Amino acid sequence: MLYAFGTSGKFKKESLRKDTLITNLKRENNELKMERSRLQLDKNTLNKKVAELMQHNDALRKYQDIIDIKVECDYLLKKAERDSLRLREKAGQELSNAQLEARELRRNVKENTEKKTREIELLYENAVNEAKRIVDNAEARAESIGGDAYRSLREADQIADRIKAMKNVIEGYGNEYLVPTYTLLDELAEDFSHKEAGDNLKKLRQNNKLMIVSRQAGICDYMDESRRNTAIDFVIDAYNGKVDSILASVKKDNFGILKQKMDDAFQLVNFNGQAFRNARISEVYHSARVEELRWAVVAQELKWQEQEEQRQIREQIREEERARKEYEKAIKEAEKEEQTLKKLIERAESQVAKANEEQKILFQQKLEELQQKLSQAEEKNQRAISMAQQTRTGNVYIISNIGSFGEDVYKIGMTRRLEPLDRVRELGDASVPFEFDVHAMIYAEDAPALEKQLHKKFLKSQLNKINPRKEFFKLNIHDIRNYLDSMNISCKWTLAAEAKQYRETLKLEEDMKTNKQLEAEWEQYQEVTDPVTYDEVMSEE
């Protein structure tokens, strides 16, 4: 037994020694592996350096015939510096020559401009003098031939004009002198901007000042030059004071009235100037100032047109943004609806699989309904995506508002909204007393082109012939329908306007004339619907 115990202890010691040895061997093995990895890494690094050196050696191989590389490099560097210096000197010389030529050219242009300006001013002065001479000669000849009769006729015309001027000043200017602005714009090129009109107006004002300086704006019969000039300056100040006040009220649509005011000022100032040896404003100067008025009105009109175009562009951008948001919302809603329906279909299919024959029929019907709804949702989603991708698809609408605009007045417009009736409802907001009736809603691949074509076709029927962008036309609804039929465009029509609120309002007004109780009930209803507060009454007072 003691032998067995001793043998067992010996085995344990031997086992422990071997375990320790194995552990040491494993550690040494791991260290060797790490050393091997490090050596492999060093080897890779050395291989990489060898490759770089080989590559560098290949790059230097082309210089192997050069005995002294440093000398060659210095030579190339100095050569490059000499070439660079030569190019800089050449560029500097060319720049100096160009600057000299530019200065010479500017001087020549300035001299030519000043020369041309002097020539134009001289020609203008000569033309005015020649025109005055011709008029004076013609009047002198007419007076020599007609004698007292011609003088009496001329004085009678002047007196009639002065009486008319006094009458206008006293009674005011009505619609008699209104002139549509487009008659002025018809004389201008289509691409004429308000800035160019403003430049032309500045030139006219400069010429008018030149006429005053050159003593062509006024006339007087004083022989003494000092007294003559004083009298002329007096009537010019009086006339220009009136005219400048008139020009300060220039608008795009009041040319006719302001021109008549200027004509009246011309007559009245000349009449008052008779006390100073017939001191008067010349016809030429008055015509020049009327021309100044004309261009001022044109500039205002063109500026308004450009602002209106910008407003239309901004409105179109807002409309496009609303349409885009509607499309995005519709796409999201359709996708959400699709997902919901797909889940319901999966659930229904699962129920069909588990149901008995009687239940299967009910579940199958429900499944078919869900599949049909899914198909509609997918179609709606595709339509929204398609309209979002196409920038010109939309709907052209034909609407009316009898209560606001009367019978046979139609608005022809366009919208890219996914729900076009939203646009119609917006048009019938608080700015008009009644809502619009829809007569036709036409889907088009190129809605702006169709809208423009309809506007062009019914151009003469525009309700507002000054501002065609209002899109209202006075014509018969059948004319619009027949034209669209001739284009093979089919849509659903509602020819008779419902005008529900308008017709109900007319009937209510008629009934209240004979039914005081109904009138009282209506007033009470209005008070309940929109009560007037004490603060509102006080604010009105």
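The values are calculated or read from the model by the stated rules, or taken from the named source; none is laboratory data. What you are looking at is a predicted structure, and each value in this text was computed from that prediction instead of being measured. Cβ placement follows ideal geometry from the backbone for every residue including glycine, while neighbour counts extend to all protein chains displayed.
The residue that is farthest from Glu283 (Cα to Cα), counting only those in the stretch 219-243 that are out of contact with any Phe, Trp or Tyr (no Cβ under 7 Å at 6 or more places or on another chain) and among the small types (Gly, Ala, Ser), is Ser226.
Of everything in the stretch 279-289, what is of a type outside the set (Lys, Arg) and touching a strand residue (DSSP E or B) at 6+ places or on another chain (Cβ under 8 Å)? Give them in sequence order. Correct list: Ala279, Ile281, Ser282, Tyr285. Filtering the stretch 320-352 to residues that are modelled with pLDDT under 70 and either over 19 Å from Ser375 (Cα atoms) or outside the structural domain of Ala377 (by TED's automatic domain parsing) (or both) leaves Glu320, Glu321, Ala323, Arg324, Gln351, Val352. Consider the stretch 478-525 and keep the residues that are of a type in the set (Val, Ile, Thr) and over 18 Å from Met414 (Cβ atoms). The one that is surrounded by the fewest Cβ atoms within 10 Å (Cβ to Cβ) is Thr514. Residue selection: Glu435 satisfies the criterion of being acidic (Asp, Glu) and either in contact with a helix residue (DSSP H, G or I) (Cβ under 8 Å, 6 or more places away or on another chain) or at pLDDT below 90 (or both). Here Val424, Val432 are screened, and the one residue that is under 30 Å from Asp253 (Cα atoms), β-branched (Val, Ile, Thr) and without any contact (Cβ under 8 Å) to a residue 40 or more places away in the chain is Val432. In contact with a Gly (Cβ under 9 Å, 6 or more places away or on another chain), part of a helix (DSSP H, G or I) and closer than 25 Å to Val297 by Cα: does that describe Ile236? Yes, satisfied. Go through the stretch 170-225 and give me each residue that's surrounded by 17 or more Cβ atoms within 10 Å (Cβ to Cβ), modelled with pLDDT of 70 or more and not in a helix (DSSP H, G or I). Scanning the stretch 170-225 gives Gln216, Ala217, Gly218, Ile219, Cys220. Cβ-Cβ distances below 9 Å connect the following pairs, each with a first residue in the stretch 500-513 that is touching a residue at least 60 places away in the same chain (Cβ under 8 Å), a second residue that is surrounded by 12 or more Cβ atoms within 10 Å (Cβ to Cβ) and among the small types (Gly, Ala, Ser), and a separation of six or more residues or different chains: Gln501/Gly403; Tyr502/Gly403; Tyr502/Ser404; Thr505/Gly403. One residue alone among Glu283, Glu301 is modelled with pLDDT of 80 or more and in contact with a Ser or Thr (Cβ under 7 Å, 6 or more places away or on another chain), and that residue is Glu301.
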